[in-house]
Amino acid sequence: MQIWSWHGFFTYLGSPYIFRGALITVYMTAVSMVMGFLLGLLIAVMKRSQRRLLSWPARFYVWFFRGTPLLVQLVVIYAGLPKLDIRLSVMACSIIGLTLNEAAYLAEIIRAGLNAVPTGQIAAARALGLSERQIAWRIAFPQAFRLIIPPLGNSVNGLLKTTSVTSVISMEELMQRSQILVQDQFMVLELFSVAALYYLLMTTAWDFLQRRIEHYAERPYRRQQQSAAVDPIELPVTTQDAR
Amino acid sequence: MITLDNVAKSYGAFQVLKGCSAEIGRGEVVVVCGPSGSGKSTLIKCINALETFEGGQIWVDGMAVRSAQTDHSALRAKAGMVFQSFELFSHLSILDNIMLAPRLVQKRAKDEIREHAKTLLRRVGLESHADKYPIALSGGQQQRAAIARALAMKPDVMLFDEPTSALDPEMVQEVLQVMTELAREGMTMMCVTHEMGFARQVATRILFVDAGEIVDDCPAADFFAGRCSVRAQAFLRFEADHPG
């Protein structure tokens with residue numbers, strides 16, 4: 001048996017079966033991230049609340065979902081829900097598990113962002129008569145979001161790879177499909193190299209997307225008037241925005 | 001316009017305000033001065049309920065501040081506030097900063113708000129900066145924008161909490177000038193400040209606060225002529241020796 005087969009490597013690289021597995025990975029990441037973010041936002045706001053009726057359940061949630069392995073959570077959802085007569089597809093179980101787990105981590109990131117919003121601006125909004133709800137949506141959330149883009153980017157990057165854990169409940173994403181082919185054709189290195197390459201492609205694409213988002217969110221914080229003269233390092237980025 | 005009736009507040013065992021009473025009529029310009037930590041900022045923030053207080057009552061245009069029935073949003077629309085460190089919303093352009101509250105709180109027509117905002121920006125000399133973000137403006141410009149933002153709510157009274165304390169000396173004048181014009185136009189104003197020159201020129205009355213009490217409440221002319229308490233005289237001498 002040869003050590004490395006280029007033929008095998010390129011065959012798998014062009015395989016629609018593996019490619020679709022990668023698409024499933026992207027899909028799971030996107031859906032779990034969006035839903036996890038919304039749930040995380042709710043938990044972060046609850047955890048910051050003065051009312052224990054709100055903050056304690058949120059604290060419990062974060063404690064529980066960060067304190068147990070995702071693998072266990074997935075198996076419990078996959079094996080447990082049918083016993084309650086709730087029958088869901090493997091995909092649904094995977095997304096529920098990933099969402100619940102990710103929300104706990106995102107809640108802490110969002111909380112850090114909300115804590116970093118200048119309290120003076122919150123007071124100013126109050127002095128203008130804005131309601132607490134208006135302050136949250138118009139002042140606190142937009143400013144917190146800008147601050148947490150880098151750690152959010154970490155989470156997306158991590159989640160792209162963490163989705164592979166759903167293979168334990170037989171979710172056919174990129175990793176599981178690679179393993180299926182390994183069991184059949186024994187080209188371990190070639191297959192996993194292809195999988196690694198796909199993960200790299202996906203995380204690289206996210207890096208680009210994140211930079212675009214960051215660039216957009218930083219717009220209000222660039223000194224447009226002086227950017228070109230004062231900060232030559234930022235020149236390529238800022239000149240296209242400078243008016 | 002504003003009635004302070006025996007306002008008292010404590011942080012634990014420390015009494016910040018020990019029963020402050022005063023009456024501020026429409027069109028008056030009242031300067032609140034006194035040493036640091038005397039409670040002047042706390043007092044002015046009680047008026048628009050940014051600070052709570054446990055004793056006494058404040059009336060703003062007939063509305064009781066310390067009452068469960070009071071609509072704080074309506075109260076705050078009556079009393080515009082300008083802060084020491086400007087507190088413009090850093091993610092919004094200057095124009096959006098000014099238009100936000102009239103739109104969300106007063107639900108006025110967007111076109112009317114925009115026209116009003118532009119008029120105000122012209123008034124504070126910032127019409128060419130409408131689309132910039134706060135970070136692109138100097139401290140003095142930011143504070144003038146913050147004044148315009150407060151005026152956009154068409155308030156009955158303006159509260160200033162050390163509006164020039166965070167500014168470089170050369171920017172203090174441009175802000176004081178806007179405030180002076182505002183006073184000349186008849187706006188009711190209450191202003192916590194160390195700018196005794198401004199107080200001398202513009203104030204109709206001085207409240208001198210020391211250790212949580214209103215020690216002096218007298219016409220500005222009397223105050224600066226030395227017809228005030230011994231403590232205030234000592235304060236005035238100190239301020240004269242340490243301008244700015």
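Which whole-number percent is the relative contact order of segment B:1-52 (Cα, under 8 Å, 6+ apart)?
29
Using the heavy atoms of the protein chains alone and a 1.4 angstrom probe, what is the accessible area of segment A:11-219 per residue in square angstrom?
52
Which value, in debye to the nearest 20, describes the size of the charge dipole of segment A:11-219 about its Cα centre when Lys and Arg Cβ atoms bear +1, Asp and Glu Cβ atoms bear -1, and nothing else is charged?
1000
With point charges of +1 on the Cβ of Lys and Arg and -1 on the Cβ of Asp and Glu, referenced to the Cα centre of chain A, which listed residue (A:32, A:64, A:213) lies farthest in the positive direction of the dipole?
Value: A:64.
Can you send over the carbon and sulfur percentage of the accessible area for segment A:11-219, probe radius 1.4 Å, protein chains only?
Roughly 66 percent of what the probe reaches on segment A:11-219 is carbon or sulfur.
Which of B:2, B:12, B:46 sits closest to the plus end of the dipole of segment B:1-48, meaning its Cα is farthest towards the positive end, when Lys and Arg get +1 and Asp and Glu get -1 on the C-beta?
Of the listed residues, the answer is B:12.
For a quick check of your reading of the filter: which GluC sites (Glu not before Pro) in segment B:18-87 sit in a DSSP loop and have no more than 15 other Cβ atoms within 10 Å?
For GluC sites (Glu not before Pro) across segment B:18-87 that sit outside H, G, I, E and B with at most 15 neighbouring Cβ atoms in 10 Å, the list reads B:54.
Cross-link candidates for residue A:161: which aspartates and glutamates have Cα within less than 16 Å, leaving aside residues fewer than 8 places away along the same chain?
A:102, A:172, A:173, A:207
Give the aspartates and glutamates whose C-alpha is closer than 18 Å to that of residue B:18, dropping any in the same chain fewer than 8 places away, or say none.
Once the sequence-local aspartates and glutamates are set aside, what remains near residue B:18 is B:5, B:51, B:54, B:210, B:213, B:216, B:217.
Report, in deg cm²/dmol and to the nearest 500, the calculated mean residue ellipticity at 222 nm for chain A, where each DSSP H run with n ≥ 4 adds -39500 (n - 2.57) and the sum is divided by the residue count.
-24000 deg cm²/dmol
Let a ≥ b ≥ c be the square roots of the eigenvalues of the Cα gyration tensor of segment A:11-219; is it rounded (a/c under 1.5), or, if not, prolate (a/b larger than b/c) or oblate?
Oblate is the answer for segment A:11-219, as a/c is 1.5 or above yet b/c matches or exceeds a/b.
Compute the long axis of helix B:110-123 from its Cα atoms, compare it with the longest principal axis of the Cα atoms of chain B, and write down the angle in degrees, 0 to 90, nearest 10.
60
Quick one: Cα centre-to-centre distance for segment A:53-80 and segment B:61-79, in angstrom?
That distance is 44 Å.
For residue B:154 and residue B:68 in one chain, what is 0.36 nm times their gap in residues minus the Cα-Cα distance, to one decimal in nm?
The span from residue B:154 to residue B:68 would gain 28.5 nm if fully extended.
For segment B:84-156, which whole percent of the accessible surface, found with a 1.4 angstrom probe, sits on carbon and sulfur atoms?
45
With heavy atoms of protein chains only and a 1.4 Å probe, what residues of segment B:61-89 have at least 50 Å² less accessible area in the full set of chains than alone?
By number: B:76, B:87, B:89.
With +1 on each Lys and Arg Cβ and -1 on each Asp and Glu Cβ, how big is the dipole of chain B about its Cα centre, in debye rounded to the nearest 20?
Dipole about the Cα centre, nearest 20: 520 debye.
What does the buried accessible surface come to for B and A, summed over both chains, with the probe at 1.4 Å? Round to 100 Å².
Result for this pair: about 2300 Å² buried.
Note the angle between two axes, namely the Cα long axis of helix B:169-184 and the longest principal axis of the Cα atoms of chain B, as a number of degrees from 0 to 90, rounded to the nearest 10.
Helix B:169-184 sits at roughly 90 degrees to that axis.
Mind checking which of B:208, A:94, B:31 is farthest towards the positive end of the protein assembly as shown's charge dipole, using Cβ charges of +1 (Lys, Arg) and -1 (Asp, Glu) about the Cα centre?
Farthest along the dipole direction, towards plus: A:94.
Compute the helix-to-body angle for B:230-241: its Cα long axis versus the longest principal axis of chain B, expressed 0 to 90° and rounded to tens.
Approximately 50 degrees, to the nearest ten.
Need the list of lysines near residue B:107 for cross-linking: C-alpha distance under 28 angstrom, and skip anything on the same chain fewer than eight residues off.
Straight-distance partners of residue B:107: B:45, B:78, B:118, B:132, B:154.
Can you pull out the trypsin sites (Lys or Arg not before Pro) in segment A:37-108 whose DSSP state is coil and whose Cβ has at most 15 other Cβ atoms within 10 Å?
For trypsin sites (Lys or Arg not before Pro) across segment A:37-108 that sit outside H, G, I, E and B with at most 15 neighbouring Cβ atoms in 10 Å, the list reads A:51, A:87.
The values are calculated or read from the model by the stated rules, or taken from the named source; none is laboratory data. Computed from a predicted model, the values in this text were never measured in an experiment. Using ideal geometry, Cβ is built from the backbone for each residue, glycine included, and neighbour counts are taken over all protein chains shown. Protein only, heavy atoms only, side chains kept; ligands, DNA and RNA dropped before computing areas. Shrake-Rupley method; radii C 1.70, N 1.55, O 1.52, S 1.80 Å.
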